[in-house]
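Chemist: Take a look at this one; I'll ask things after.
The values are calculated or read from the model by the stated rules, or taken from the named source; none is laboratory data. A quick note: this is a predicted structure, and the numbers were derived from the prediction, not measured. All Cβ positions, even for glycine, are placed from backbone atoms using ideal geometry, and neighbour counts span all protein chains on display.
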Amino acid sequence: MAGTLATNIVNPDPDMIRRAQNAFGIHLLTELAAETPRENVFISPTGIFMGLLLAELGASGETSAAIRRTLYVPVEVGSHHLRQSAASLVRLLCASDGFRISFVNAVWADRRQQLNPDYVANVRDLGAEANTLDFSDPAATEWINAWARKASMNLLTDIVSREILAATDCLITNALCFAHRWQDEFNSGDTQDRVFFRADGSSKVLPFIRRRKDRGMYRTGPLYEGAVIPYRRGARDQGEFGILLPSPGTTPEELLAGLDVRNFFEGRSHNVALDFRMPKFAVSCRARLKTALSRMGMELAFRYPGADFTSMRSPEFMGSPGFVLGDILHQSRLGLDEEGTVAAAETIVRVLVGAARPREFEHRELVIDRPFALLIRDIESTILFAGVVYDPEPLGTETPASLLD
């Protein structure tokens, strides 16, 4: 759980949000991996966290406390301080001169459901749009999907269907897209086909990219060997891609659950010249988050009666059935090759009217040829993406190179 902070702090504290979001993201990833053993899980902790934080802005009482505890946000932090701290982190992410990052948030209300003006103001404090549409009009579905496609650089397919929108009273959406080149690109002439071994004993052939005698990227711990690959440096700093190969008998999610993320990224082994190989691959994931989030402590927010989102809805609806969270949908994709990485994620939080509907140099060799874990962090150490990969997909036509410039 994140540490206790005093409520009288008025300056934005993006580090508080970053710590909370990183802890939340690793916890959620392990919960989702437990639901679907030996399957790929790839999520954006940043995207999901911010989507749920937008919901928390409309929650009151124990519902707000339950969401905050799930998000590792101290319950006693004032709402204004929380909003300003989160907004500060979003600004830092989007101002990264070494990255190409797009991160947008929006709240969409059906025209039959008027949002509380104070909630709209709080949402906009966080840099999110607030829109009203006729959810029964097919054009509304296309409007939201077009917004999401643009935000994800067309990497992700439509996440909202007419059926979902027709059975929803309010949507909270966000999209995060990341594209960046390696600081030192892999030589394509070193790329060779190798065998990747799945957890069930079967195998597949994939192209493996290679870097020779690299000093500084090797990492090791009690349960893993791994590598950290820096992205091209901007004016201020640079982000990093981390990949971890669990020790035999340890699953990727077990590894991540006990990982000291900061020590992994910063614990350099300068006396190791690493011969490194990993697949050139893609991974995609669609996940429903309601069950995992309920186990993590947010069950109240999905329960009617019980959930309290009175701060979200207009006061004129007092006395009528209140809002409750429906399912939370997350879609993500990663592509990685010799030149760099492209990743995108979208999150949708469905909000319903309660009564209406029931992730000398010692020479070593490291080959990532069996299930692994991965982390992508930005220049401020925020975990943007996290995953466990059991069966990497061949990289398709949407290669990172086409999106990096």
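Chemist: When you scan the stretch 62-73, how many residues do you find that are under 23 Å from the mean Cα position of the chain (by Cα) and surrounded by fewer than 19 Cβ atoms within 10 Å (Cβ to Cβ)?
Modeler: Counting residues in the stretch 62-73 that are under 23 Å from the mean Cα position of the chain (by Cα) and surrounded by fewer than 19 Cβ atoms within 10 Å (Cβ to Cβ) gives 2.
Chemist: Let me ask something else about it. Any chance the stretch 260-277 includes a residue that's closer than 23 Å to GLU338 by Cα, of a type in the set (D, E, K, R) and buried (at least 19 other Cβ atoms within 10 Å of the Cβ)?
Modeler: Checked against the condition, which is being closer than 23 Å to GLU338 by Cα, of a type in the set (D, E, K, R) and buried (at least 19 other Cβ atoms within 10 Å of the Cβ), the stretch 260-277 yields at least one hit.
Chemist: Of the residues that sit in the stretch 165-182 and are small (Gly, Ala, Ser) and assigned to a strand (DSSP E or B), which one is surrounded by the most Cβ atoms within 10 Å (Cβ to Cβ)? Working first, answer last.
Modeler: Residues of the stretch 165-182 that are small (Gly, Ala, Ser), as a first pass: 166-167, 175, 179.
Filter once more, keeping what is assigned to a strand (DSSP E or B): 175, 179.
Details: ALA175: 27, ALA179: 22.
So, considering only residues that are small (Gly, Ala, Ser) and assigned to a strand (DSSP E or B), the one surrounded by the most Cβ atoms within 10 Å (Cβ to Cβ) is ALA175.
Chemist: Got at least one residue in the stretch 31-50 being crowded, with 24+ Cβ neighbours inside 10 Å, over 18 Å from the mean Cα position of the chain (by Cα) and more than 15 Å from GLY297 (Cα to Cα)?
Modeler: Looking through the stretch 31-50, none of the residues is crowded, with 24+ Cβ neighbours inside 10 Å, over 18 Å from the mean Cα position of the chain (by Cα) and more than 15 Å from GLY297 (Cα to Cα).
Chemist: Still on this structure: Looking at ILE144, is it in contact with a Ser or Thr (Cβ under 9 Å, 6 or more places away or on another chain) and among the β-branched types (Val, Ile, Thr)?
Modeler: Values: in contact with a Ser or Thr (Cβ under 9 Å, 6 or more places away or on another chain): yes; among the β-branched types (Val, Ile, Thr): yes.
So ILE144 passes the test.
Chemist: Continuing with the same structure: Taking into account only those residues within the stretch 66-79 that are of a type in the set (Gly, Ala, Ser) and touching a helix residue (DSSP H, G or I) at 6+ places or on another chain (Cβ under 9 Å), which is modelled with the highest pLDDT? Before the answer, list the steps.
Modeler: First, pick out the residues of the stretch 66-79 that are of a type in the set (Gly, Ala, Ser): 66, 78-79.
If we keep only those that are touching a helix residue (DSSP H, G or I) at 6+ places or on another chain (Cβ under 9 Å) too, we end up with 66, 79.
Working: ALA66: 97, SER79: 90.
The residue in question is ALA66.
Chemist: Could you figure out which of (1) within 24 Å of ILE144 (Cα to Cα); (2) crowded, with 19+ Cβ neighbours inside 10 Å; (3) modelled with pLDDT of 90 or more isn't true of LEU82?
Modeler: (1)
Chemist: Only one of (1) of a type outside the set (A, V, I, L, M, F, W, C); (2) assigned to a helix (DSSP H, G or I); (3) within 18 Å of VAL388 (Cβ to Cβ) fails for SER294. Which number is that?
Modeler: Of the numbered conditions (1) of a type outside the set (A, V, I, L, M, F, W, C); (2) assigned to a helix (DSSP H, G or I); (3) within 18 Å of VAL388 (Cβ to Cβ), the odd one out for SER294 is (3).
Chemist: What's the number of the only condition in (1) part of a strand (DSSP E or B); (2) modelled with pLDDT of 90 or more; (3) surrounded by fewer than 21 Cβ atoms within 10 Å (Cβ to Cβ) that GLY306 fails to meet?
Modeler: Failed condition: (1).
Chemist: Is there a residue being over 14 Å from GLU62 (Cβ atoms), assigned by TED's automatic domain parsing to the domain that holds ILE164 and among the basic types (Lys, Arg) anywhere in the stretch 291-306?
Modeler: yes
Chemist: Mind listing whichever residues of the stretch 309-337 are closer than 22 Å to LEU165 by Cα and in a strand (DSSP E or B)?
Modeler: Scanning the stretch 309-337 gives ARG313, PHE323, VAL324, LEU325, GLY326, ASP327, ILE328, LEU329, HIS330, GLN331, SER332.
Chemist: With LEU32, LEU92 as the choices, which residue is modelled with pLDDT under 90, in a helix (DSSP H, G or I) and among the hydrophobic types (A, V, I, L, M, F, W, C)? Reasoning before the result, please.
Modeler: On the way: LEU32 fails: modelled with pLDDT under 90.
Among LEU32, LEU92, only LEU92 is modelled with pLDDT under 90, in a helix (DSSP H, G or I) and among the hydrophobic types (A, V, I, L, M, F, W, C).
Chemist: What tally of residues in the stretch 121-135 results from selecting those that are in contact with a strand residue (DSSP E or B) (Cβ under 8 Å, 6 or more places away or on another chain) and either farther than 14 Å from VAL160 by Cβ or acidic (Asp, Glu) (or both)? I'd like the intermediate steps shown before the answer.
Modeler: At the first step, the residues of the stretch 121-135 found to be in contact with a strand residue (DSSP E or B) (Cβ under 8 Å, 6 or more places away or on another chain) are 123-124, 126-135.
The next check asks that each one be either farther than 14 Å from VAL160 by Cβ or acidic (Asp, Glu) (or both); those that pass are 123-124, 126-130, 132, 134.
Looking only at that region, the number is 9.
Chemist: Listed residues ARG286, ARG212; which is of a type outside the set (Phe, Trp, Tyr), within 19 Å of the chain's Cα centre (by Cα), surrounded by fewer than 16 Cβ atoms within 10 Å (Cβ to Cβ) and outside any loop (DSSP other than H, G, I, E, B)? Please lay out each step first, then the result.
Modeler: Working: ARG212 fails: within 19 Å of the chain's Cα centre (by Cα).
Of ARG286, ARG212, the one residue that is of a type outside the set (Phe, Trp, Tyr), within 19 Å of the chain's Cα centre (by Cα), surrounded by fewer than 16 Cβ atoms within 10 Å (Cβ to Cβ) and outside any loop (DSSP other than H, G, I, E, B) is ARG286.
Chemist: Just to be sure I understand the filter: pairs with C-beta atoms under 7 Å, separated by 6 or more residues or on different chains, first member in the stretch 116-138 and farther than 13 Å from ASN105 by Cβ, second member part of a helix (DSSP H, G or I) and among the basic types (Lys, Arg). Which pairs pass?
Modeler: Here the result reads PRO138/ARG162, each pair linking the stretch 116-138 to a residue that is part of a helix (DSSP H, G or I) and among the basic types (Lys, Arg).
Chemist: Scanning for something within 19 Å of THR347 (Cα to Cα), in contact with a Phe, Trp or Tyr (Cβ under 6 Å, 6 or more places away or on another chain) and at pLDDT below 90, does the stretch 101-120 turn up at least one residue?
Modeler: Yes, the stretch 101-120 contains a residue that is within 19 Å of THR347 (Cα to Cα), in contact with a Phe, Trp or Tyr (Cβ under 6 Å, 6 or more places away or on another chain) and at pLDDT below 90.
Chemist: In addition: Hey, ARG370 hits all of (1) at pLDDT below 90; (2) not in a strand (DSSP E or B); (3) not hydrophobic (A, V, I, L, M, F, W, C) but one; which does it fall short on?
Modeler: (1)
Chemist: Same structure again: From ASP193, ASP169, ASP134, which residue is among the charged types (D, E, K, R) and assigned by TED's automatic domain parsing to the domain that holds LEU384? Reasoning before the result, please.
Modeler: On the way: ASP169 fails: assigned by TED's automatic domain parsing to the domain that holds LEU384; ASP134 fails: assigned by TED's automatic domain parsing to the domain that holds LEU384.
When all the criteria are applied, what remains is ASP193.
Chemist: When the residues of the stretch 101-134 are narrowed to those that are charged (D, E, K, R) and assigned to a strand (DSSP E or B), which ends up surrounded by the most Cβ atoms within 10 Å (Cβ to Cβ)?
Modeler: Keep residues of the stretch 101-134 that are charged (D, E, K, R), which gives 110-112, 118, 124-125, 129, 134.
Subsequent filtering for residues that are assigned to a strand (DSSP E or B) retains 110, 129.
Details: ASP110: 20, GLU129: 14.
Residue satisfying both the conditions and the ranking: ASP110.
Chemist: If you scan the stretch 280-319, which residues turn out to be closer than 30 Å to LEU336 by Cβ and among the aromatic types (Phe, Trp, Tyr)?
Modeler: PHE281
Chemist: Continuing with this model, one more query. Looking only at the stretch 146-157, which residues are under 20 Å from ALA109 (Cβ atoms) and surrounded by 14 or more Cβ atoms within 10 Å (Cβ to Cβ)?
Modeler: Filtering the stretch 146-157 down to residues under 20 Å from ALA109 (Cβ atoms) leaves 146-148, 151.
Those that are under 20 Å from ALA109 (Cβ atoms) and surrounded by 14 or more Cβ atoms within 10 Å (Cβ to Cβ): TRP147, ALA148, ALA151.
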